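K.L.:
Got a structure for you, written out below as structure tokens; questions coming shortly.
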Amino acid sequence: KEFMEIMFDPFTQAVKRDSSVGVGLGLSICKKLTQLLGGTITAESTLGIGSKFVVELPSEILDKDEYESRKYYSLSRVNANISLEGKVVLLCEDNEINTIIAKTMIEKIGCKAEVAVNGQEGLDMFKASKPNYYSMIFMDIRMPVMDGYTATRKIRALSRNDAQTVPIIALSANAFEEDKRNSIESGMNDHIVKPIELKELYKVLADYGTPPP
């Protein structure tokens, strides 16, 4: 009951866990995103039985034509000339919810997203792929088995040309300059802060994707 009063505050956890699990920002981020969308989030919980979270958001119903006209709006605002249809993106992310969100965003603009649940699996998938098969890699930093920094260094060290040229973008909950610098020093091209914003993701895809001839 005591924790319920502060559960949406940043850096709070009911049970302290290993640092690799998280830092207590999940519910705080949920509340902030919900508020930004003009909604509310509430919770009920009974120890040993379960918890219920209720999110209420204002929404509008679009007809098919209006939906199609808005579908690629965010991407077109970033770069009207970009074409990513059919390109394959490697998404290295161990959190299931984050994976679903990122995969949905990526595939919404015609890309295909293949998922690796840790850095080692991402490395193995890249090594097993044909040269230039992956157009981009999104790399989470904190992952089991092998972290994103290590996986990136190992990819860059491979003796194949695309290992040096494939764009690798960090996905991290950390937004400090030191974290961004660590990403670049490990061999990554850019750094996206989670929770991922649609506009920022599309900008990265536009910046590092290959425009049509």
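K.L.:
May I ask you to give the percent of accessible area on the chain that is carbon plus sulfur, with a probe radius of 1.4 Å? The partial results should precede the final answer.
P.N.:
On the way: 7050 of 13280 Å².
Looking at the chain in its full context, I get 53 percent from C and S.
K.L.:
A further question on this structure: Would you kindly state how much longer the chain becomes between E85 and E107 on full extension, computed as 0.36 nm times their sequence separation minus their alpha carbon distance, in nm to one decimal? Show your work: numbers first, answer last.
P.N.:
Details: separation 22, 0.36 × 22 = 7.92 nm, distance 0.91 nm.
Additional length available on full extension: 7.0 nm.
K.L.:
Among M139, A157, N95, whose Cα lies farthest out toward the positive end of the dipole of the chain, if unit charges sit on the beta carbon of Lys, Arg (+1) and Asp, Glu (-1)?
P.N.:
Towards the positive end, the residue furthest out is A157.
K.L.:
Pick out, in residue order, every one of the chymotrypsin sites (Phe, Trp or Tyr not before Pro) in segment 93-185 that is DSSP loop and has at most 16 other C-beta atoms within 10 Å; say none if there are none. Walk me through the numbers before you get to the answer.
P.N.:
Values: sites: F126, Y133, Y134, F138, Y149, F176; in loops: Y133, F176.
Counting only loop positions with at most 16 other Cβ atoms within 10 Å, the chymotrypsin sites (Phe, Trp or Tyr not before Pro) in segment 93-185 are Y133, F176.
K.L.:
Okay, moving on. So which GluC sites (Glu not before Pro) in segment 97-169 end up in coil per DSSP with only 16 or fewer other C-beta atoms within 10 Å? Let's see the in-between values first.
P.N.:
Numbers: sites: E107, E114, E121; in loops: none.
Filter output for segment 97-169: empty list.
K.L.:
Moving on to the next point. Nearest 10 degrees, 0 to 90: what angle lies between the long axis of helix 198-208 and the longest principal axis of the chain (Cα atoms)?
P.N.:
Taking Cα atoms only, the helix is inclined about 10 degrees.
K.L.:
Send over a whole-number figure in Å² for the accessible area per residue of the chain, probe 1.4 Å.
P.N.:
Numbers: 13280 Å² over 213 residues.
Computed with neighbouring chains in place, this is 62 Å² per residue.
K.L.:
Assuming R0 = 35 Å, can you tell me the calculated FRET efficiency for the pair C30 and A128, based on Cβ-Cβ distance, to the nearest 0.05? Spell out each step's value before the answer.
P.N.:
Details: r = 36 Å, r/R0 = 1.04.
That pair, C30 with A128, gives E of 0.45.
K.L.:
So how tilted is helix 26-36 from the main axis of the chain? Cα-based, degrees 0 to 90, rounded to 10.
P.N.:
The helix 26-36 is inclined about 90 degrees to the chain.
K.L.:
Please list the non-local residues whose amide H lies under 5 Å from the amide H of M143, H modeled 1.01 Å from N, same-chain partners needing a gap of 5 or more.
P.N.:
HN-HN under 5 Å from M143: G148.
K.L.:
Next question. Which part of segment 189-205 falls in the paramagnetic zone of V55, meaning amide N under 14 Å from the point 7 Å along Cα-to-beta-carbon?
P.N.:
195-198
K.L.:
Then there's this: Between the helical axis of 119-128 and the dominant principal axis of the chain, each derived from Cα atoms, what acute angle in degrees is found, rounded to the nearest 10?
P.N.:
Around 30 degrees separate the two axes.
K.L.:
Expressed as a whole number of Å, what is the distance separating the alpha-carbon centroids of segment 27-55 and segment 119-189?
P.N.:
Between the Cα centre of segment 119-189 and that of segment 27-55, the gap is 33 Å.
The values are calculated or read from the model by the stated rules, or taken from the named source; none is laboratory data. As the structure is a prediction and not an experimental result, all values here were calculated from the model. For neighbour counting, all protein chains shown are included, and Cβ atoms are generated from backbone atoms with ideal geometry for every residue, glycine included. What goes into the accessible areas is simple: the full protein's heavy atoms, side chains included, and nothing from ligands, DNA or RNA. Shrake-Rupley method; radii C 1.70, N 1.55, O 1.52, S 1.80 Å.
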